[in-house]
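Everything on this sheet refers to the single structure shown next.
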Protein chains: 2
Amino acid sequence: MTPHQMLLKKLAVKTDSKILLIVLDGLGGIHTVDSPQTALETARTPNLDALAARGALGRLIPAEVGITPGSGPGHLALFGYDPLAPRHEIGRGALEACGINFALNDRMVASRGNFCTLDGEGRITDRRAGRIPSEEGGRICEKLQGVISRIEDVAVHVRPVKEYRFCAIFEGPGLEASIEDTDPQQVGLKTLPARSHAQTSAGKKTERIVQVFLDKASEVLGDEPKANGMVLRGFAKDPGLPSFSELYQLTACAIATYPLYRGVGSLAGMEVIETGQAVADEIKSLESAWGRYDFAFMHVKKTDSNGEDGNLAGKAAVIEEFDGLLPSILELKPDVIAITGDHCTPSVMKSHSFHPIPLLVHGPFCDVDETAAFGETQCLRGSLGTFHSEKLIGLLLANAGKLRKFGA
Amino acid sequence: MTPHQMLLKKLAVKTDSKILLIVLDGLGGIHTVDSPQTALETARTPNLDALAARGALGRLIPAEVGITPGSGPGHLALFGYDPLAPRHEIGRGALEACGINFALNDRMVASRGNFCTLDGEGRITDRRAGRIPSEEGGRICEKLQGVISRIEDVAVHVRPVKEYRFCAIFEGPGLEASIEDTDPQQVGLKTLPARSHAQTSAGKKTERIVQVFLDKASEVLGDEPKANGMVLRGFAKDPGLPSFSELYQLTACAIATYPLYRGVGSLAGMEVIETGQAVADEIKSLESAWGRYDFAFMHVKKTDSNGEDGNLAGKAAVIEEFDGLLPSILELKPDVIAITGDHCTPSVMKSHSFHPIPLLVHGPFCDVDETAAFGETQCLRGSLGTFHSEKLIGLLLANAGKLRKFGA
């Protein structure tokens, strides 16, 4: 627990007010001479602009000035955890396992697997096994699980995620997450053996168990036409984050379509709500869950995907789609609503970036400023100023009347 | 000493220049849809506006984003101490004792007392003993002191503060501030016995001594018509803050009408100057003390009181009164003057709040910005930006030419 979280924990009180945090992934963009407007600024967003007019704007520094975060740290910071603390470098294995609602315990090491296609000499020819459909992935996971369920005193759990992606979770005494990825990251190369970068007895045991699993899996997959190989990545344990309930007295839920975001929410102690793939589906899930929680996190993925593709118009279209749905969200009457991103994904950079993220907060005491449109330049002028994402949760709790005064 | 204070201590030099810090308690407000102007913005303040025009504006974060501080932490931060450090959570007993110029040493535990009225069964019927006048409070303190001056090897000091309020200070070896308040905070309940939350020998000794004091006091007060009972609160030791002189090479004085603010100043090593109750009285005290100090802190209380009452017009009137007196202050020709608050007290919230505080700094090198009125929205646009109160003292020292360059 960081000193800031200890402070919030000390001051937080349970009240009836409700907070809604909406993360439009990779929301922010930048201005260049050739591309003087961001996706958020080119998008027609009458509903966001109206909310900005009666709310307050600002900007969030996701990790630190100049630091470009991945989605994991970006979200951890929004949830109040120090995104740069070594103990918060959460491996994708743990995120993915939580994202498919697989409950981790401290005897487990989780990894994220990809099925791949190997040639006769064991070299990778397709890193995604021809993007086999999810049904195929599910069938192959069942087949593996049927043959391999235990190695020595370690239980092995094989669970499908989506298409060619799965989780392999190892559960037993004395295991460690020190195993390197077995993915050579390139076609034409052979998959790598299990290697522990820690020469501890737990590291050696885990290395041995994972290698036995890889060897057995190789036999089981031998007759598959496409998915005849696998790589494992992101070996990780549950980081044991203090929960939203423990930290902030919040009963929280997470609504997200991708396992990673469901995973981060789950690790923070949020209940992960079932939902469909469209933003409208997510809003339906939000509506049905809203009565049972006092904090909801809703994640919209496609702003980021379009940014990564360098598709400014596509990103603007996703923002416009969200804007059109915003009135139905506001009908839930959250006491405090925040709309922001986990990092910027400027279309001109086709990647995550280090720039401050646009932030909109609306609540009874948000301090309405003179801004009347939600955009990067307006956010620079907003009354919330520029501060670190890690501090956002405190601001939202304060706006919702959920923090007592500090000191006499 | 925080790392920042160690840095300032290393760089600070004694010079002839003088700094004046004026704290208008709870100065800042917020904008809402229904109340689009703050007290500071509605007040007619030609003198503050003129000073803003030839000075620089900014905003202070009193403790941390989202954190609402009490007056103690709010002032500690303005004086350069980390307001959130656990060792800086100064109990009201120590603040109150310092506020009445009672010099604490490290063998003392101070508590803040209230006389109250008890019924025949010992239940509180009036938590303020009918607000007996200060003369009555003084007489009763003398009566108590006459009977109780020593318990075991502990000297007991009973000192009046104002009306029904007093300080009880226990001085002796092996005492600890771990005693809970004896105030049940509610009429109809009996006062509580002395209880230490630490089961140390010092805790047990202090508990025993305080209980003997309460029992003896109960006998002495038995024949009083109104003040026939007492409660003790905020048991605290001197936190041992490094002084303004040690930290910043400043010979500092404090001018405030309320004990708490005099107390915080005193704990920071400021000389507390006698003064009357009106702002004009405080300015007279400032004028008479000005020649002897190179740093003066002057506190104006009623901005906060009106904010707490939800009285925006009343708060604006206090600001206007101060504005009218500002020219006489400026005649002292401080090299650097800063006008700000210890926290915001928005009238619409009727309480302290977490919002950034308006800040005005005038000095030869303050960097005059384009703002020409002292108000929250203008402060957002000022050249000083938004930063933590804890850093203000360094900015004032720098503006006064009292900080050497760091490094070659």
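The values are calculated or read from the model by the stated rules, or taken from the named source; none is laboratory data. Predicted, not measured: the structure shown is a model, and the values here were computed from it. Here the Cβ is made from the backbone with ideal geometry for all residues, glycine too, and neighbour counts use every protein chain on show.
Summary of values
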read-out: Residue that is within 10 Å of another protein chain (Cβ to nearest Cβ), on the phi < 0 side of the Ramachandran plot and in contact with a Ser or Thr (Cβ under 6 Å, 6 or more places away or on another chain), where the choices are B:Pro86, B:Pro62, B:Pro69; value: B:Pro62
read-out: Unmet criterion (only one of (1) farther than 27 Å from B:Arg107 by Cα; (2) not assigned by TED's automatic domain parsing to the domain that holds B:Thr182) for B:Met270; value: (1)
read-out: Scope segment A:367-408; condition in contact with a strand residue (DSSP E or B) (Cβ under 9 Å, 6 or more places away or on another chain), surrounded by fewer than 24 Cβ atoms within 10 Å (Cβ to Cβ) and of a type in the set (Asp, Glu); matching residues; value: A:Asp369
read-out: Failed item in (1) in contact (Cβ under 8 Å) with a residue 12 or more places away in the chain; (2) outside any loop (DSSP other than H, G, I, E, B); (3) surrounded by fewer than 24 Cβ atoms within 10 Å (Cβ to Cβ); (4) under 24 Å from the mean Cα position of the chain (by Cα), with B:Met6 passing the rest; value: (1)
read-out: Set A:Val220, A:Val156, A:Val187: member being aliphatic (A, V, I, L, M), in contact with a helix residue (DSSP H, G or I) (Cβ under 8 Å, 6 or more places away or on another chain) and surrounded by fewer than 20 Cβ atoms within 10 Å (Cβ to Cβ); value: A:Val220
read-out: Selected residue [out of contact with any His (no Cβ under 7 Å at 6 or more places or on another chain), crowded, with 22+ Cβ neighbours inside 10 Å and not polar (S, T, N, Q)] from B:Ala227, B:Ala280, B:Ala289; value: B:Ala227
read-out: Options A:Pro358, A:Pro364, A:Pro346: the member that is touching a helix residue (DSSP H, G or I) at 6+ places or on another chain (Cβ under 8 Å), surrounded by 24 or more Cβ atoms within 10 Å (Cβ to Cβ) and in a loop (DSSP other than H, G, I, E, B); value: A:Pro346
read-out: Among the candidates B:Gly307, B:Gly240, residue that is surrounded by fewer than 17 Cβ atoms within 10 Å (Cβ to Cβ) and either of a type in the set (A, V, I, L, M) or in contact with a Lys or Arg (Cβ under 9 Å, 6 or more places away or on another chain) (or both); value: B:Gly240
read-out: Number of the condition not met by A:Ser383 [criteria: (1) part of a loop (DSSP other than H, G, I, E, B); (2) more than 27 Å from A:Tyr81 (Cα to Cα); (3) within 14 Å of chain B (Cβ to nearest Cβ)]; value: (2)
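Listed here are the residues, each with its yes/no results for (1) more than 24 Å from A:Trp290 (Cα to Cα); (2) part of a helix (DSSP H, G or I).
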| site | (1), (2) |
| --- | --- |
| A:Val33 | yes, no |
| A:Asn47 | no, yes |
| A:Ala50 | no, yes |
| A:Ile90 | yes, no |
| A:Glu96 | yes, yes |
| A:Leu104 | yes, no |
